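Heads up: the structure comes next, in C-alpha cells.
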Amino acid sequence: MTERPRPTDRHEHRAPSDCPVCGDRLAVTRLGCGSCGTELAGLFSSCAFCALTEKETEMLHVFLASRGNLRDLEKHLGVSYPTARLKFNQLLEKLGLAGTPDPAPTSLTRDQVLAEVASGALSPAEAESLLASLV
C-alpha cells in the first residue's frame, strides 16, 4: 500500500516568527490537519528552533552531526575558525543560549576579516562587529 502524500509534503513553508507590522513575536493560535481538515484553536507555545533560517538550521545540523566539532563547522561553512565560532555564537544568541560572550578571537587579523568579506563568507555587519572587537 502506497502512503498518500500529505499536503505539508508538497508545500513546505516556514511560518514567520515575527510580526511583519510591529516586529513583535507572533503567537501560534491555530493548528490544522491537511489530511482531514481538523483544526485546533488556542494559544500554543512557539518553538525557538522554528525561527531559525534554513542556513542556521543546516549549520546547527552540521554542528550536532559532528558532535560539537567547530573545525567541521568551519570546513562546512568554508570560513576561518574564528568566523565559524562567531557565526555559531550568533546562532546561540538567537536561540537565547549565549550565556557569557566569548572573548574576541586573538588570532583573527583585519586582513583575514576583509578577505572573508570579499569572498562572501562574512556579511559586512559581521565584519564590522569583528573589526570593532579587534580595536
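Kindly report, to the nearest 10 Å², the accessible surface of SER46 as traced by a 1.4 Å probe over protein heavy atoms only.
Result for SER46: roughly 70 Å² accessible.
Round to a whole number: what % of the accessible area of the stretch 37-135 belongs to carbon and sulfur, probe 1.4 Å?
Whole-percent figure for carbon plus sulfur exposure: 57.
Given the protein chains as shown and a 1.4 Å probe, how many square angstrom of THR29 are accessible, to the nearest 10?
Surface open to solvent at THR29 totals about 80 Å².
Just flag the chymotrypsin sites (Phe, Trp or Tyr not before Pro) in the stretch 40-135 sitting in loop per DSSP whose Cβ has no more than 12 other Cβ atoms within 10 Å.
none
Once the Cβ-Cβ distance between GLU39 and ALA15 is put in as r, and R0 is 22 Å, what FRET efficiency do you end up with, to the nearest 0.05?
Computed FRET efficiency for GLU39 and ALA15: 0.90.
List residues of the stretch 40-74, by number, whose backbone nitrogen lies under 13 Å from a label position 7 Å along Cα→C-beta of VAL28.
Only 40-52 pass the distance filter.
Ordering HIS61, HIS76 by accessible area with a probe of 1.4 Å, largest first, what comes out?
HIS61, HIS76
Restricting attention to the stretch 32-135, which trypsin sites (Lys or Arg not before Pro) occupy a DSSP loop and are surrounded by at most 12 other Cβ atoms within 10 Å?
Within the stretch 32-135, the qualifying trypsin sites (Lys or Arg not before Pro) (loop, at most 12 other Cβ atoms within 10 Å) are ARG67.
Could you tell me the accessible area of LEU64 in Å² (1.4 Å probe, neighbours in place), rounded to the nearest ten?
Using a 1.4 Å probe on the heavy atoms, I get roughly 110 Å².
The values are calculated or read from the model by the stated rules, or taken from the named source; none is laboratory data. This is a predicted model, so every value here is computed, not measured. All Cβ positions, even for glycine, are placed from backbone atoms using ideal geometry, and neighbour counts span all protein chains on display. Ligands, DNA and RNA are excluded from the accessible area calculation, which covers all protein heavy atoms including side chains. Shrake-Rupley method; radii C 1.70, N 1.55, O 1.52, S 1.80 Å.
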